[in-house]
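Participant: A single structure is presented below for examination.
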2 protein chains.
Amino acid sequence: MAGWFRRRRDLPASPARVNEPIAARLALAELTPPATEYLGLAAYLELTLFEDAGRAIALAPTTAAKSALSAVAQPHLLAHEGMVAELRRRGRDPVGAMEPHRRDLDEYRRRVEGQDWFEAIVTCYLTAGFLTDFFRGLAAGLPPELRTRMEMLLDIRESQRVLTELLLAAIDGNPRLAARLAMWGRRLVGDTMLVARGALGVGIVAGQERIEPVFTELIAAHTRRMAALGLTA
Amino acid sequence: MAGWFRRRRDLPASPARVNEPIAARLALAELTPPATEYLGLAAYLELTLFEDAGRAIALAPTTAAKSALSAVAQPHLLAHEGMVAELRRRGRDPVGAMEPHRRDLDEYRRRVEGQDWFEAIVTCYLTAGFLTDFFRGLAAGLPPELRTRMEMLLDIRESQRVLTELLLAAIDGNPRLAARLAMWGRRLVGDTMLVARGALGVGIVAGQERIEPVFTELIAAHTRRMAALGLTA
């Protein structure tokens, strides 16, 4: 993934600078990449989240679940198309803007797809939740008009509601499944944080503390998502 | 699949009546089932076509193809949601209306999913083309207001344009692939006609001649679709 943050903000690139004092808690908006890079990554990510939803639909055990999940796939398709349109409006080639993110995000998707339908919908719920929060946060640093459009495209409240309902119904009275999905959720958040960190171009060691506050907040939201299912993060 | 036609039109149910003279060439509109049955089958079919498109997106070999295919998935999601909303408006349970068609359509989807991306996009192109024609034709017999809404939901022109473009690019200068996809197309149309016939509740022998004209027209459109790729149907 493109390393915006390192390139733009002169983040410590070598271990020697790791323990420098952190000046301030940076808000996510201060990390926002240039609009085109933001749009390219977000547009490909939306395709990725759409594919997760498509897989959940294909695996759905009932007609009711399959049909309900269409509301989960929909916002990601719309967001993808909106972001592609935004890139075109700026005279950029959408494919060129997305391409640099393809390999890492495809690999991410393979890691998080899950073994069965239950894991697949936990993936939809948690990864889309986390990464949509992340991109909504980053949008705060975009030009105001674009920010507004992105915030509209990144509205997955209905999708999250549908997923919560499906998951609560699945977990209800099934503590073994609940335990398995809690574990799956823990694994997902690790992989998903790596994607977000990668997007910011922050190496595993260098610069980690600098964006800590951002991730603290994202993880708090993740914990609330788990708690909504009665699971421990 | 529910046997509307047989139930509603008193089609010959036993071989004894097979060779009765056929009164007239029935237009597809005359075969239209009650609105709720139409909507239930069409809504589940749209989910099926959406799943085909989702699979094509997942298998797409390039970012450009993946992104372009979002325009192929989109209309089926919208159509599904529109039809579900229409069932609700009529006070019907959408899941109950879709359920009777699930087994057959899931089985159909497994048969037509194809071995690789090329076959998967031929499937999207030909099965959605054929079955959308079929349901647009049937819509002519619905109450006028519902008919108009269905015709709007069943507009896949942009999707067909995208698929034609992707397929022409793939086939260009690759006669071996062209031959393989032509063969795949021939197999698809057989399975797809069975779905349409099943939807009308017409047995393999009984009543076949009665709907022949309808299928003649649908097959002519299929042949034009193949010809648009330079393939023989």
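Throughout, read-outs are computed from the coordinates displayed, never taken from laboratory work. Note that the coordinates shown come from a computational prediction; the quantities given were computed from them, not determined experimentally. Don't worry about glycine lacking a Cβ; one is built from the backbone with ideal geometry, like all the others, and counts go over all protein chains shown.
Participant: Under a crude label model (7 Å from the Cα following the beta-carbon direction), how far is B:Thr62 from B:Glu30 in nanometres?
Facilitator: 4.9 nm
Participant: Something else: Taking the label point 7 Å from Cα in the Cβ direction, how far apart in nm is B:Glu165 from each other copy of itself, listed shortest first?
Facilitator: Between copies, matching label points for B:Glu165 lie 3.6 nm apart.
Participant: Taking the axis about which chain B rotates onto chain A, which residue of B lies nearest it as judged by Cβ position, and how many whole Å separate them?
Facilitator: Closest to the rotation axis on chain B: B:Gly54, 2.
Participant: Once R0 is set to 35 Å, what does the formula 1/(1 + (r/R0)^6) return for the Cβ-Cβ distance between A:Arg176 and B:Arg111, expressed as a FRET efficiency to the nearest 0.05?
Facilitator: Details: r = 35 Å, r/R0 = 1.00.
The value I calculate is 0.50.
Participant: Can I ask one more? Round to the nearest 0.05 the FRET efficiency obtained for B:Leu146 and A:Ala228 when R0 = 22 Å and r is the Cβ-Cβ distance.
Facilitator: On the way: r = 38 Å, r/R0 = 1.75.
Taking R0 as 22 Å, the efficiency between B:Leu146 and A:Ala228 is 0.05.
Participant: Can you put B:Arg157, B:Arg102, B:Arg225 in order of Cβ neighbours within 10 angstrom, beginning with the fewest? Numbers along the way, then the final one.
Facilitator: On the way: B:Arg157 9, B:Arg102 17, B:Arg225 23.
Least crowded to most crowded, the residues run B:Arg157, B:Arg102, B:Arg225.
Participant: What does the average come to when, for each residue of peptide A:90-101, you count the partner chain Cβ atoms lying within 10 Å of its Cβ? Before the final figure, lay out each step's value.
Facilitator: Working: counts 0, 0, 0, 1, 4, 7, 2, 1, 4, 3, 1, 1.
Shielding by partners across A:90-101 averages 2.
Participant: Another one. For the stretch A:20-228, which semi-axes, largest first and in whole Å, follow from the square roots of 5 times the eigenvalues of its Cα gyration tensor?
Facilitator: Working: eigenvalues 157, 90, 43 Å².
For the stretch A:20-228, the ellipsoid semi-axes come out as 28, 21, 15 Å.
Participant: What does the extension gain come out to for A:Leu168 and A:Ala85, with contour length at 0.36 nm per residue minus their alpha carbon separation? Could you put the intermediate results ahead of the total?
Facilitator: Numbers: separation 83, 0.36 × 83 = 29.88 nm, distance 3.64 nm.
Gain on extension, A:Leu168 to A:Ala85, equals 26.2 nm.
Participant: A further question follows. Defining the label point at 7 Å along Cα→Cβ, can you sort the distances from A:Gly96 to the same site in each other copy, shortest first, in nm?
Facilitator: 5.7
Participant: Hey, another quick one. Between copies, how close do the A:Glu151 label points come, placed 7 Å along Cα→Cβ, listed in nm from shortest?
Facilitator: 4.1
Participant: Peptide B:41-51: average number of partner chain Cβ atoms within 10 Å per residue?
Facilitator: Working: counts 0, 0, 3, 3, 0, 2, 8, 1, 0, 7, 6.
Mean shielding by partner chains, rounded to a whole number: 3.
Participant: Could you work out, residue by residue across B:62-74, how many beta carbons of other chains sit within 10 Å of that residue's beta carbon, and then give the average as an integer?
Facilitator: Values: counts 3, 14, 6, 1, 10, 11, 3, 1, 10, 3, 0, 6, 6.
Mean number of neighbouring Cβ atoms from other chains: 6.
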